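Engineer: A single structure is presented below for examination.
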Amino acid sequence: MIRVRQMKKIYRVGEEEIRALRGVDLHVGKNEMIAVMGASGSGKSTLMNIIGCLDKPTEGSYELDGHDVSQMSEASLALVRNEKIGFVFQSFELLARQTALENVELPLIYSREAGLTSRERTRRALHALNRVRLADRVSHRPNQLSGGQKQRVAIARAILNKPAILMADEPTGNLDSVTTTEIMEIFRQLHAEGQTVLIVTHENEVAAYCQRVIRLRDGLVLSDLPVAQDQAGQVIA
Amino acid sequence: MILSPYFYSQAIKLALSQIWANRKRSLLTALGIIVGVASTTSVIAALSGLKTSVLTEFESFGANRIYVFPDRPDDKPRNLYPREKIRIKPWEVRELQASCPSLRAITPVTEFGVSIASDERELDGITVVGIWPDWHEAENRRVISGRKFNRIDEVGERQVCLLNESAIDELRLPSDAVGSHILVDGRRFLVVGVIETLQARMFGGDSNTAELFIPFSVAIKLQSTEYFLRVIALAKSAEVSEEAKSEIQRTMRRIRGIQPGDPDTFRAEAIDRYIDQFKTLASGITAIAAGIVGISLLVGGIGIMNIMLVSVSERTREIGLRKAVGATPAAIMMQFLLEAMVLCLAGGLVGVIIGKLFAIGLTLIPGARLENADVPLWAVFLSFAFSAAVGLGFGFFPALKASRLDPIEALRHE
């Protein structure tokens, strides 16, 4: 599903070179659920941006769903994001003036599929909302929804186009512990239905929902272990 | 990169909802466009109304009328063409009458101010007009009561006159004044007819002016020897009016002995010449109005650019999100261009409506002769085209800025 080889990312700020990634190798198989962890400055955001096709690596290859996307143009990457990647953000990023249903339909505006009828768009959006158990809130606007409901709308939007990977960046960062459980159960359920999930987090409780934990430090993979071993290691440390 | 119809419908819907959500701001922003379009459409409406009534008036004048008057060549020293030399003399008019077969009627017209008096009142500085009997045909003015002038009046130098109704009022004459006597410059004149008062005309002077007509042969005796006269001629039909004009020019050059290559010392003009002049004037004013709209649209456009830049910066996170879910730079660019254009077109629409209301207002002004004022369809189309162009032109830079935002940076924007 995802194959990253010797990926490097170097930013130039004036004369200074910042080596955000210094040769990362990574493989994510179909239907895995992985937590990516690391302190700020570890290169985790850079890696996630590249995997999410929001950024390009300086060196190395990145194969997504069988295609090398490491050197694609900006417009082609936009299409890849539209069809293969679903994003969930810490602060939901819903459009305030649109209903839950309209928010979920958003990716279809930029879809390559021509001639989608409005009935078909609504059907798909309702199906996605149904999967996050929010079918009773379709015509509510974000300010009429709780934090957990907002994040569920955002997840529905992310899974609308049946993406190859669902990427969540601190999806529970703005939520209390009860809602965190609610949202993580949704991710677990989607994973059970066959969805590949990548979650960036700094909370061990969130990582505990995943099968595998990848830890980064200083632009390199520090550890890549099944969740049980990783959590055991954390307890010892 | 082809964007789907769904994209366009959503982008326009979004643009409208943005305008509505920020309606005060949108109104202020579009004000430049609104004022520009409204002022231009109303100027165009007024001009088109004026044009219609002026052209109608010219047509009622008759396109086959020709005026001849003395004219000093512009580019020659004045002393080469003294007044006496260029002045039209009565014998020249008689020669024209004899030598121009395309003319139906011709009359000299001489005007001078004198005092006139009835039993009741004395009036100073009244314009007295000396005419031949042909004048009736050439000017086509109705005689309400009494009779027209005839050859006996002219040849016999009879002291008879025609009045209009205003003159009758001012002199306090009985309403049927025919048969009364009045004093013109101390001489006794018999009123033989009453002429209709001129309807209000743009070039006909004040309709309330008292008018007094006397035979030409009498009129020249009441003036100094260097009196001034002009000629009104009527061609047999509108078709031969050009022909008649050149007959007049040939005859005048011949009798004045003007050598080939030397300039005319007179001018002969048909009425259509004035129509052309008016049309030139009207299109000149239209061009100036277009210039004004250009400037106000420029000012309006700068407002649009400013507000679009504000909008792009306010909605940075939204742009980041749209990019993350798959919007290409072209799609973002198109969305913001459409938004600027919708804003401008909405302003243009309001401007056209205000202009239309102005035009209706103009038609209601009494005596302004703008009954036909209306915004022509081409002006409506032009207004919308201009508005869209302003949106496109001034929305371009903000849209480009939006399209170039880095999605990662944009999503991090506070």
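The values are calculated or read from the model by the stated rules, or taken from the named source; none is laboratory data. Note that the structure is predicted; figures quoted are calculated from it, not measured. Here Cβ is always computed from backbone atoms with ideal geometry, including for glycine, and neighbour counts include all displayed protein chains. We work out accessible area using only protein heavy atoms, side chains counted, and drop any ligands, DNA or RNA first. Shrake-Rupley method; radii C 1.70, N 1.55, O 1.52, S 1.80 Å.
Engineer: Tell me the per residue accessible area of chain A using a 1.4 Å probe; a whole number in Å² is fine.
Structural biologist: Numbers: 10660 Å² over 237 residues.
Normalised by residue count, the accessible surface of chain A is 45 Å².
Engineer: Probe radius 1.4 Å, ligands and nucleic acids ignored: give me the carbon and sulfur share of the accessible area of the range B:72-264 as a rounded percent.
Structural biologist: Of all accessible area on the range B:72-264, carbon and sulfur atoms account for 46 percent.
Engineer: To continue, here is another question. Between B:W20 and B:T56, 0.36 nm times their residue separation minus their Cα-Cα distance comes to what?
Structural biologist: On the way: separation 36, 0.36 × 36 = 12.96 nm, distance 4.65 nm.
Working it through step by step, the gained length comes to 8.3 nm.
Engineer: Report the label-to-label distance for A:H140 and B:E371 in nanometres (one decimal), using points 7 Å from each Cα along the Cα→Cβ vector.
Structural biologist: 6.6 nm
Engineer: Let me ask another. How far apart, in nanometres, would the label points at A:A192 and B:S224 be if each is projected 7 angstrom from Cα along the Cα-to-Cβ direction?
Structural biologist: 11.9 nm
Engineer: Helix-only mean residue ellipticity at 222 nm, chain A, DSSP H runs n ≥ 4 weighted -39,500 (n - 2.57), per residue, nearest 500. What is it?
Structural biologist: On the way: 8 runs with 86 residues, N = 237.
Taken over chain A, the calculation gives -11000 deg cm²/dmol.
Engineer: Just from the alpha-carbon atoms, what are the Rg and Dmax of the range B:60-123 in angstroms?
Structural biologist: 17.4, 52
Engineer: Give the Cα extents of the protein assembly as shown along the principal axes, in whole Å, largest first.
Structural biologist: Projected onto its principal axes, the Cα set of the protein assembly as shown covers 140, 55, 40 Å.
Engineer: Stretched out fully, how many nm does the piece from B:D185 to B:W378 gain, at 0.36 nm a residue minus the Cα gap?
Structural biologist: 63.7 nm
Engineer: Sum -39500 (n - 2.57) across every DSSP H segment of at least 4 residues in chain B, then divide by the residue count to get the 222 nm mean residue ellipticity, nearest 500.
Structural biologist: On the way: 14 runs with 227 residues, N = 414.
Calculated mean residue ellipticity at 222 nm is -18000 deg cm²/dmol.
Engineer: For chain B, which DSSP H helices look membrane-span-like by this rule: Cα extent along the axis of 15 Å or more and mean Kyte-Doolittle of at least 1.6? Each step should come with its number before you reach the end.
Structural biologist: Numbers: long enough: B:5-21 (24 Å, 0.42); B:23-61 (54 Å, 0.84); B:241-256 (22 Å, -1.59); B:271-314 (63 Å, 1.18); B:329-363 (51 Å, 1.85); B:377-403 (36 Å, 1.53).
Helices meeting the criterion: B:329-363.
Engineer: Let me ask another. To the nearest Å, what is the center-to-center distance of the range B:156-172 and the range A:21-57, using C-alpha atoms only?
Structural biologist: 108 Å
Engineer: Sticking with this one: I'd like the FRET efficiency for A:L225 and B:H413, computed as 1/(1 + (r/R0)^6) with the beta carbon distance as r and R0 of 45 Å, rounded to 0.05.
Structural biologist: Efficiency, from the Cβ-Cβ distance: 0.80.
Engineer: Apply the a/c threshold of 1.5 to the C-alpha gyration tensor of the range A:2-236 and tell me whether it is rounded, prolate or oblate.
Structural biologist: Oblate shape, in that a/c is at least 1.5 and b/c is the bigger or equal ratio.
Engineer: If R0 is 45 Å, what FRET efficiency do you get for B:E122 and B:I353 from their C-beta distance, rounded to 0.05?
Structural biologist: 0.20
Engineer: While we're on this one: Tell me the carbon and sulfur percent of the accessible area for the range A:2-236, rounded to whole percent, probe radius 1.4 Å.
Structural biologist: Solvent-exposed carbon and sulfur of the range A:2-236 make up 47 percent of the total.
Engineer: Hey, another quick one. Mind checking which lysines have their C-alpha under 29 Å from A:K44, skipping anything on the same chain fewer than 8 residues away?
Structural biologist: The reachable lysines, counting only those whose Cα sits under 29 Å from A:K44, are A:K8, A:K9, A:K30, A:K56, A:K84, A:K150, A:K162, B:K323, B:K401.
Engineer: Provide a list, ordered by number, of residues in the range B:16-56 showing at least 10 Å² less accessible area with every protein chain present than when their chain is taken on its own, using a 1.4 Å probe.
Structural biologist: With the partner chains in place, the range B:16-56 has these residues losing at least 10 Å²: B:S17, B:Q18, B:A21.
Engineer: Just read off the accessible area of B:H413 with the full protein assembly in place, 1.4 Å probe, to the nearest 10 Å².
Structural biologist: In the full protein context, B:H413 sits at about 80 Å².
Engineer: If each of B:I302 and A:S73 carries a label point 7 Å out from its Cα toward its Cβ, how far apart are those two points in nm?
Structural biologist: Each label point is offset 7 Å from its Cα along the Cβ direction, giving 3.7 nm.
Engineer: Mind checking the per residue accessible area of chain B for me, 1.4 Å probe, whole number of Å²?
Structural biologist: Per residue, chain B has an accessible area of 48 Å².
Engineer: If you don't mind, there's one more thing I want to ask. Place a label point 7 angstrom from the Cα of A:Q6 along the Cα-to-Cβ direction, then list the residues of the range A:207-237 whose backbone nitrogen is under 17 Å away.
Structural biologist: Those under the cut-off are A:220-221.
Engineer: Give me the inter-chain shielding for B:318-324: mean count of other chain Cβ atoms within 10 Å, whole number please.
Structural biologist: 6
Engineer: Something else: For the interface of chains A and B, what total accessible area is buried with a 1.4 Å probe, rounded to the nearest 100 Å²?
Structural biologist: Approximately 2300 Å², summed over both chains.
Engineer: Something else: Check cross-link reach from B:K148 to the aspartates and glutamates: straight Cα distance under 20 Å, and skip same-chain residues fewer than eight apart.
Structural biologist: Straight-line reach from B:K148, under 20 Å: B:E111, B:D134, B:E137, B:E139, B:E157, B:E165, B:D176, B:E196, B:E211.
Engineer: OK, next. Using a cut-off of 13 Å between beta-carbons, work out the net charge of the residues near A:Q151 (Lys and Arg +1, Asp and Glu -1, A:Q151 not included).
Structural biologist: Residues close to A:Q151 contribute a combined charge of -1.
Engineer: Okay, next question. How shielded is A:87-100 by partner chains, expressed as the average number of their Cβ atoms within 10 Å of its Cβ atoms?
Structural biologist: That works out to 3 on average.
Engineer: While we're on this one: Suppose accessible area is computed on protein heavy atoms with a 1.4 Å probe; arrange B:F266, B:F228, B:F69 from highest to lowest.
Structural biologist: B:F228, B:F69, B:F266
Engineer: With a 1.4 Å probe and every protein chain left in place, tell me how much accessible area B:V143 has, in Å² to the nearest 10.
Structural biologist: 30 Å²
Engineer: Roughly how many Å is it from the Cα centre of the range B:208-275 to that of the range B:339-353, as a whole number?
Structural biologist: One Cα centre to the other: 55 Å.
Engineer: Within straight cross-link reach of B:K85, meaning Cα distance under 22 Å, which lysines are found once same-chain residues fewer than 8 apart are removed?
Structural biologist: Filter leaves B:K76, B:K221, B:K245.
Engineer: I'd like the mean, over residues of A:110-116, of how many other protein chain beta carbons sit within 10 Å of each residue's own Cβ.
Structural biologist: The shielding value for this peptide is 5.
Engineer: Hey, another quick one. Around A:Q71, what is the net charge, scoring Lys/Arg as +1 and Asp/Glu as -1 over all other residues with Cβ under 13 Å from its Cβ?
Structural biologist: -4
Engineer: Can you give the relative contact order of chain B as a percent, counting alpha carbon pairs under 8 Å and 6+ residues apart?
Structural biologist: So the answer I get is 29 percent.
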